[in-house]
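Some notes on the structure that comes next.
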Amino acid sequence: MERPILMIEDEPVFSELVTRTFASEGYEVVVEDTGRGGLEAFARLNPQVVILDLRLPDMSGFDVCRTIRSTSMVPIVILSSQADEMNKVLGLELGADDYATKPFSPRELLARVRAIKRRVGDQTDPQRMIELSGYEIDMARREVRRHGDVIELTAREFDLLRHLVRHIGAAVSRQDLFERVWEQEFMGRSRTVDAHVAAVRKKLPDLSITTLRGIGYRLESA
């Protein structure tokens, strides 16, 4: 039996729509309407995905995201309002894997969750192990190690790194990164890509990712 999806959301109009839509496709959604309740449920349920509203009545969604990410690499989808672009960027920098803007279509949210599950579950790669700049990048295990120690990347960060590795030495546009990694139409969402590249650079400081102004990025071979 699949583990449930945890939704931390205090607005019933959204949580009830999501619960019904996901249930119609065979997914169990457990809803908590406070941050503290969400963290307790997370520890108890070990969910396969977390859907997290940034605005909660008792604590910041950022703090919830940070707490979850400190102990787990579970995929996190954040929910934010149309006016919260900077909040979305901050959430991604804290380790969230994707976001949806309120008001959202529950079917779109379901598609995003399925896309994340496909990426996390994809264990195939033409080259299973890459050694680069002192890092071991294990495509099959979706891990990056250095001196035997695992460096934690979110699912989205690893997908971005994998795409750059597959095109090492070549220019990769922000549009290509977004559409390949996020599996959505680009529509100028360069900040999302930039935030994830910044996170990868911070976690893997010896990796050489060159910024190509007006284009995108290039992962250097040495």
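Among the residues making up the range 141-150, a single one is surrounded by 13 or more Cβ atoms within 10 Å (Cβ to Cβ) and either small (Gly, Ala, Ser) or in contact (Cβ under 8 Å) with a residue 24 or more places away in the chain (or both): Val144. Go through the range 145-185 residue by residue and tally those that are farther than 25 Å from Val77 by Cα and among the acidic types (Asp, Glu). Selection size over the range 145-185: 1.
Scanning the range 103-134 for residues that are surrounded by fewer than 17 Cβ atoms within 10 Å (Cβ to Cβ), at pLDDT 85 or above and within 23 Å of Leu164 (Cβ to Cβ) returns Glu131, Ser133, Gly134. Answer yes if at least one residue in the range 147-165 is part of a helix (DSSP H, G or I), over 16 Å from the mean Cα position of the chain (by Cα) and under 26 Å from Thr211 (Cα atoms), and no otherwise. Yes, there is a match, as at least one residue in the range 147-165 is part of a helix (DSSP H, G or I), over 16 Å from the mean Cα position of the chain (by Cα) and under 26 Å from Thr211 (Cα atoms).
Within the range 82-99, the residues that satisfy the criterion of being under 26 Å from Glu25 (Cα atoms) and in contact with a Ser or Thr (Cβ under 8 Å, 6 or more places away or on another chain) are Ala96, Asp97, Tyr99. So, in the range 68-87, how many residues would count as being closer than 22 Å to Phe14 by Cβ and modelled with pLDDT of 75 or more? Result for the range 68-87: 11. Of the residues in the range 176-195, not one is modelled with pLDDT of 90 or more, β-branched (Val, Ile, Thr) and touching a strand residue (DSSP E or B) at 6+ places or on another chain (Cβ under 7 Å). Looking at the range 175-185, is at least one residue of a type outside the set (Ser, Thr, Tyr), buried (at least 16 other Cβ atoms within 10 Å of the Cβ), assigned to a strand (DSSP E or B) and not assigned by TED's automatic domain parsing to the domain that holds Val29? Taking every residue of the range 175-185 in turn, none turns out to be of a type outside the set (Ser, Thr, Tyr), buried (at least 16 other Cβ atoms within 10 Å of the Cβ), assigned to a strand (DSSP E or B) and not assigned by TED's automatic domain parsing to the domain that holds Val29.
The values are calculated or read from the model by the stated rules, or taken from the named source; none is laboratory data. Being a predicted model, the structure only gives us computed values, none of them experimental. Reconstructed Cβ throughout: ideal geometry from the backbone, glycine too, with neighbour counts over all protein chains shown.
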